[in-house]
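Asker: Got a structure for you, written out below as structure tokens; questions coming shortly.
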Amino acid sequence: MTSAPAADVAEVAGLDVSRGEGVTTIKLNRPDKFNALTWDMYKGIGNALNAAAEDTSCRIVVLTGEGKWYSSGNDLSNFTKNMPEGGPEEMALNAQHTLNDFCDLVYCTDNATFKTPFVSLGQSPEGCSSYLFPRTMGFAKANEMLLTERQISAQEACDNGLVTRIFPVDTFKAEVDKVVQHMASLPPQSMMISKALIRHEHINKLLEVNKRECETLRSRWLSDECMTAIMNFLSRKKK
């Protein structure tokens, strides 16, 4: 599958956006930082998704990461910089570490792991995970992941409904490319209508949950507890 840089999307450091054969690929490209997301990358992902939605030739959007990591989530050094206008709302509307549940299909390598360290960083669930995780995994498993921050394996993620399928590291890209090329070849209107029907019952609920999570997250970010937890984390990284 061949692709070229998307000329209508502004370049953003740490983010590669390319387009070809009906597929838009958004790649997180900060492998030295475990593909952690900066403020500019959050905005860039949102712009790329909007551009893909307006592009009548685009059939599929692929979100992936360069190197061994998909993403370690939010770059916590963001908190030492000025927060952009929109704050958590902008982040939640554009992209987040819990983006997987918004994707139609999620594929991972057999050595992938998943973790949501919200509580230890003085924060709260985001990306509608307070609603989607219990709905997908059940309350017991969702609570274990969101409250105890237990890291789970690729197989556990697949068994709990967070991942569609697991592929070996060596064949991952080739296997995913097959799925992407197949989906891109299907009748686009039928695909759009089918996706709309599948998501229809949950759109308003997700908007409601997103608003509540953003309001909570904003208050957490302004709290002494959150700032102390993040500063402690950054101090440990420097040692």
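The values are calculated or read from the model by the stated rules, or taken from the named source; none is laboratory data. This one's a predicted model, so the numbers in the text were calculated from it and none came from an experiment. SASA here: full protein model, heavy atoms, side chains in, ligands and nucleic acids out. Shrake-Rupley method; radii C 1.70, N 1.55, O 1.52, S 1.80 Å.
Asker: In square angstrom, rounded to the nearest 10, how much accessible surface does M137 have for a 1.4 Å probe?
Answerer: Looks like 30 Å² after rounding.
Asker: How large is the accessible surface per residue of the range 94-193, computed with a 1.4 Å probe and reported in Å² as a whole number?
Answerer: Details: 5170 Å² over 100 residues.
Per residue, the range 94-193 has 52 Å² of solvent-accessible surface.
Asker: At 222 nm, what value in deg cm²/dmol follows for the chain if DSSP H runs of at least 4 each add -39500 (n - 2.57) and the sum is divided by all its residues, to the nearest 500?
Answerer: Working: 9 runs with 107 residues, N = 239.
For the chain, the value works out to -14000 deg cm²/dmol.
Asker: Additional query: Say the cut-off is 30 Å between C-alpha atoms; which of K115/K195; K178/K205; K33/K195 go over it?
Answerer: Working: K115/K195 28 Å; K178/K205 33 Å; K33/K195 34 Å.
Cα-Cα > 30 Å for K178/K205; K33/K195; rest within.
Asker: May I pose another question? Return the percentage of antiparallel bridges among DSSP beta bridges fully within the chain, rounded to the nearest 5 %.
Answerer: Numbers: 11 of 21 bridges.
If I count the DSSP bridges inside the chain, around 50 percent turn out antiparallel.
Asker: Treating the angle as unsigned and between 0 and 90°, give the value, to the nearest 10°, between the Cα long axis of helix 172-184 and the longest Cα principal axis of the chain.
Answerer: Around 60 degrees separate the two axes.
Asker: So, one more: Quick one: angle between helix 39-54 and the longest Cα principal axis of the chain, in degrees between 0 and 90, rounded to 10, please.
Answerer: Taking Cα atoms only, the helix is inclined about 30 degrees.
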